[in-house]
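The values are calculated or read from the model by the stated rules, or taken from the named source; none is laboratory data. These figures come from a predicted structure and were not determined experimentally. Reconstructed Cβ throughout: ideal geometry from the backbone, glycine too, with neighbour counts over all protein chains shown. Remember, those area values only see protein heavy atoms, side chains included, never the ligands or the DNA or RNA. Shrake-Rupley method; radii C 1.70, N 1.55, O 1.52, S 1.80 Å.
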Amino acid sequence: MQCSTMQTQRAGRRSAKAAAQQGVASMHIGGRVCTPLVSAGCKAARAAPAASRAPSVKVQATATIEKAAGPAATASSGGAGTRVMIIGGDGYCGWATALHLSARGYEVCIVDNLCRRQFDLTLGLDTLTPIATIHDRVRKWAEVSGKHISLQIGDICDWEFLSQAFTSFQPEHVVHFGEQRSAPYSMIDRQKAVFTQTNNVVGTLNVLFAIKELKPDCHLVKLGTMGEYGTPNIDIEEGYLTVTHNGRTDTLPYPKQGNSFYHLSKIHDSTNMLFTCKAWKVAATDLNQGVVYGVRTEETMADPMLLNRYDYDGIFGTALNRFVVQAAVGHPLTVYGKGGQTRGFLDIRDTVRCIQIAIDNPASRGEMRVFNQFTEQFSVNQLAEIVSREGSKLGLDVVVTNVPNPRVELEEHYYNAKHTKLVELGLQPHLLADSMIDSLLEFAVQYRDRVRMELIKPAVDWRKTGVKVNTMGAAVAK
């Protein structure tokens, strides 16, 4: 996770094989055999091949899990030394993506200032799964895979640092995860709201200037959010909407209705990207991502030191992550309000494939391409039902309770978002019903002794965001 810290400091080809040897899966990464962290009952992932590029127009909108027995499908390589800078590569999505691309032959450089870890220290939070330092992670990946990931520690809001990183690495693609990514964090107090918007908007502006001045042919893959759209009472298109008004027709950016200072920062990013694509002929793909879940990817399971983070608290933990942990420790699932809030969801294994697909099928110069990056839609009530059903298969007694909603949002609404473009380019989705146990519940049960019960309840109320610094009271509900 790449962010500046204003208040404190500005601080290929690969085959994946599953062997039924002693009931434990193994896989080949970079020519080496690795034993993933899975039990005999767990399942091994297979990545789907990337499709050839579909025709691109200006307005555009992995594998199944099986028991370890026999060879898995061959992952698409496509990397062939392509140079990819991943900003925010120490974060949840960034780390999984860095390993996924590195394993497939891309030359990867992680840029991060480690502020996501600093947030945990400041707020008294912790990941459910124990994670190694980024330096140890990168070293272990080299040992496991035989592949090198470059690491540059610094703040992209610092132009001198970012320009030096660009000049030294010369990326062909920049994958930009590097923003403060929590809506509740942005609503803690005035300080966090200002930090979120300054960090996110300035950081993205610096990346756009770096592309213009230092690497004009570089393709930007920017992580947006489905939350930019809000919950309109019409279908959500992929980025653009064709409108006829008073007899005239035009295709315009889809209306945005952010529901927090975080979501609004993402909207500002998208607007700045659209402008620079027009003015500077930047090539950009804006991935409006839904809620990501899961811990397991082939690469992050290759060694304990490569394990990804799992957030379950009321600030960085999503509803699904929170429900799974609550089920594992016998806490009632806390549904906010009526529970009709509906969003798009996707497995972390699909996130990394979407990034690879966007890289392998880049936008053209001057094109601002938008993909809605999710695979399924669920309401909060439906998530609770799924967790209850799947939890019972592990012998968990799951209870659901409704609690006052700390957010200002519609709790019952229409929601139908289009998400066809990535599928057309080759995405083969994992489905939640097929991966709930091995991708989520087993981790929560395995690490439930690390759960801190006081972090489970929501502690940030949208209606009470004020000017008084609320750092100490943000994570734990009173």
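Over all directions, what mean area does the Cα convex hull of the range 194-238 project, stated in square nanometres?
Details: hull surface 17.9 nm².
Average of the hull's projected areas for the range 194-238 equals 4.5 nm².
Would you please give the residues with an amide H less than 5 Å from that of F374, counting only those at least 5 places away or on a separate chain, with H modeled from the backbone geometry?
Excluding prolines and chain starts, which carry no amide H, the hits are G290.
In 10 Å bins starting at zero, report the fraction of Cα pairs in the range 338-470 per bin as a rounded %.
With a bin width of 10 Å, the distribution comes to 9, 28, 32, 23, 7, 0.
Just report the Cα centroid separation between the range 115-145 and the range 354-411, whole Å.
24
Semi-axes of the equivalent ellipsoid of the range 309-377: what are they in whole Å, largest first, if each equals the square root of 5 times a C-alpha gyration tensor eigenvalue?
Working: eigenvalues 211, 41, 19 Å².
Taking √(5λ) for each Cα gyration eigenvalue gives 33, 14, 10 Å.
Between the alpha-carbon centers of the range 276-344 and the range 204-253, tell me the distance in whole angstrom.
The distance from the Cα centre of the range 276-344 to that of the range 204-253 comes to 22 Å.
Would you mind checking the range 219-245 for residues with the amide N under 12 Å from a putative spin-label position 7 Å along Cα→C-beta of N416?
233-237
Rounded, prolate or oblate: which fits the range 246-343, taking a ≥ b ≥ c as square roots of the Cα gyration tensor eigenvalues, rounded meaning a/c under 1.5, else prolate when a/b beats b/c? Don't skip to the answer; put the middle values down first.
On the way: a/c = 3.15, a/b = 1.62, b/c = 1.94.
Oblate, because a/c is 1.5 or more while a/b does not exceed b/c.
Assign one of three labels to the range 154-298, namely rounded, prolate or oblate, based on the Cα gyration tensor with a ≥ b ≥ c the square roots of its eigenvalues; rounded applies when a/c is under 1.5, prolate when it is not and a/b is larger than b/c, and oblate otherwise.
On the way: a/c = 1.72, a/b = 1.24, b/c = 1.39.
Oblate is the answer for the range 154-298, as a/c is 1.5 or above yet b/c matches or exceeds a/b.
Work out the P(r) tail for the range 250-408: percent of alpha carbon pairs separated by more than 18 Å, whole number.
Values: 8628 of 12561 pairs.
Tail of P(r) above 18 Å: 69 percent of Cα pairs.
Could you state the accessible area per residue of the range 134-228 in Å², with a 1.4 Å probe and every protein chain left in place? Don't skip to the end; give the middle numbers.
On the way: 3080 Å² over 95 residues.
Roughly 32 Å² per residue, with all protein chains present.
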